[in-house]
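Below is one structure; the comments refer to it alone.
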Amino acid sequence: MSAPARATALKRTSLYDLHRELGAKLIDFGGWEMPVQYSGILQEHRAVRERVGIFDVSHMGELEFSGTGALAALQWLTPNDVSRLSDGRCHYSAFLTNRGTYVDDLLVYRKAEDSWMLVVNAANTPKDFEWAKSHERGNVRVADASDRYALIAVQGPRAAALVARVAAEDPSDLDYYAFREISILGEPTLVSRTGYTGEDGFEICLASERAERVFRRLLEEGRSDGAMPCGLGARDTLRLEAKMALYGNDIDDTVTPWEADLGWTVKMKKGEFLGRDALERQKAEGVPRKLVGFEMVDRGIARHGYPARTAHGEGVVTSGTHSPTLGKPIGLALLPARAAGVGTEFEIDIRGRNAKARVVETPFYKRPKEAR
Amino acid sequence: MNPEDLHYTPSHEWVRIDGDVGTIGITDYAQKELGEIVYLELPEVGHVFNAGDEFGTVESVKAVSELFTPVSGEIVEVNKGAVAEPGIVNDDPFGDGWLIKTKLTTDEEVGKLMTAEQYATYVQQEEKER
């Protein structure tokens, strides 16, 4: 067996000691020492699909935008239409380069007309902060608040019931992609009905120094629900089944929202925004490649970076894993647009062996309606 | 614990010698490091390998690892049960979770492998360095 990768000097979240105490296996994730698993990826994955899982995602970055020009600045910096957000609502969006490709994908939260928060990918936080500062326009102040905040995700069909028992009020009335301030253990937190798992769930943003008490309380209170602490391993299999893109894998500064099948986050009619011209051009010229979901026809698991060959040219696997819910290998690939139709077969070079795969409908997993 | 009657490699495989047949698998430490194993790729009967050759791969949800044969020989049996249900490698790495059986080319290579005690020390050292 080949040797495992070694860790170097890494950043830690305020929950690091608790992860150690819980017996987590820790890995380097974008420069952060994070739990990849506690009891096992398959068990943790199942806990989220069937019951409830609790994740430390404090490595994610938080950028704060304030001032009378905040709305206009975000309208320029991001492709989604922030004027459609009312107080207490958030949406999925991005920072795009002038080529229309991803600087990062992110969530935009509107607290008030002059107070906004962006939740961005951990490894991209410094880059995003610099990007926002150098591209903002008008009367806006941008601050990197990442060190002040911890982020705890509570995900699964029993998440609402669990958060309701721990918090001062029941968050069940929150719509998907809505948030509000809710007191937990006597401290103010921001609870949003969001997640990266394809299940119902919440993300709790709170002061870093309060995170351990809240995480412990959720675990304790959730024991009767079969709650489990879950690591980044399960987070990855869960998000992949739900076909949620991962920056650095499926999207990066070579991929546009059209290519990534994320066109719904781009509102061309809202007016000018960074990357718009390039996106308009690409739309007119035709999108050269598409991010698609695939299943294996032959045996094998295709992983990130494996070359793909289609009847219309080369492609590449961007994510691949064993799907715990489906019990078979699944993945995402960037394929030439003409080879991206559902049902199209193509080949993946799995370490020198050609294995057949097939484009399928996504998401791979959709939660049952009655779960909400 | 690592069984006393096996011989171990630095890449965490083991071999059990029974006459001129060597049964090969991965160690308990290896399966723990990998996590839940979901896929095994093993060679077909009749393939001939030299000691140190890659003979297959083992994959957990998260990662893929190559398997290296501790001894030279021809594959005489593959554990089809483990290919069908790779989880048995996690459950019983030294028993039902064996991977391949090979007809040894020579009996001189086994002496170069680690004993259970040497392997235990080696693993301790490797853990310290991480």
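Worth a mention:
- Across the range A:189-216, the residues whose backbone nitrogen lies under 20 Å from the label position 7 Å along the beta-carbon direction of A:Glu169 are A:189-194, A:201-207.
- Other-chain or far-sequence residues with amide H under 5 Å of A:Leu96's (modelled H): A:Val103
- Between A:Lys366 and A:Glu187, the contour length at 0.36 nm per residue exceeds the Cα-Cα span by 61.0 nm.
- As a proxy for reagent exposure, ranking A:Asp56, B:Asp96 by other Cβ atoms within 10 Å from fewest up yields B:Asp96, A:Asp56.
- For chain A: relative contact order, % (alpha-carbon pairs under 8 angstrom, 6 or more apart): 17 percent
- Of all DSSP-defined beta bridges confined to the range A:1-123, some 95% are antiparallel rather than parallel.
- Tail fraction, Cα-Cα pairs, the range A:293-332, threshold 15 Å, whole percent: 37 percent
- For the segment B:30-38, counting C-beta atoms of other chains within 10 Å of every residue's C-beta and taking the mean gives 4.
- In this structure, the pairs whose alpha-carbon distance is over 30 Å, taken from A:Lys133/B:Lys62; B:Lys62/B:Lys103; A:Lys269/A:Lys290; A:Lys25/A:Lys127; A:Lys25/A:Lys356; A:Lys127/A:Lys283, are A:Lys133/B:Lys62; B:Lys62/B:Lys103; A:Lys25/A:Lys356.
- A:Trp116, A:Trp258 arranged by Cβ crowding within 10 Å, fewest neighbours leading: A:Trp258, A:Trp116
- Length-normalised contact order for the range B:21-118 - Cα pairs under 8 Å, 6+ apart - percent: 35 percent
- Span from the the range B:8-60 Cα centroid across to the the range A:308-372 one, whole angstrom: 29 Å
- Residues B:Trp98, A:Trp264 arranged by fewest to most Cβ contacts within 10 Å: A:Trp264, B:Trp98
- Total formal charge among the other residues, if their Cβ is under 10 angstrom from that of A:Asp81, Lys/Arg +1 and Asp/Glu -1: +4
- Extension gain for A:Asp253 to A:Glu130 (0.36 nm times residue separation, less C-alpha to C-alpha distance): 42.7 nm.
- Ignoring lysines fewer than eight residues from A:Lys366 along the same chain, the ones with Cα atoms less than 18 angstrom from its Cα are A:Lys243, A:Lys328.
- Averaged over A:299-306, number of beta-carbon atoms from partner chains that fall within 10 Å: 3
- Counted by Cβ distance under 11 Å from B:Val48, the other residues give a net charge of -1, where Lys and Arg count +1 and Asp and Glu count -1.
- Phi-based couplings in Hz for the range A:220-236 (Karplus 6.51, -1.76, 1.60; Gly and Pro marked x): 5, 5, x, 4, 5, 8, x, 5, 9, x, 10, x, 5, x, 5, 4, 6
- Per-residue average of Cβ from other chains inside 10 Å of A:36-46: 3
- 12 Å beta-carbon shell around A:Gly263, net charge (K/R +1, D/E -1): +1
Computed from the coordinates by the stated procedures, all read-outs in this text should not be read as laboratory data. Everything numeric in this text was worked out from a predicted model, so none of it was measured. Glycine also receives a Cβ, built like all others from the backbone with ideal geometry; neighbour counts cover every protein chain displayed.
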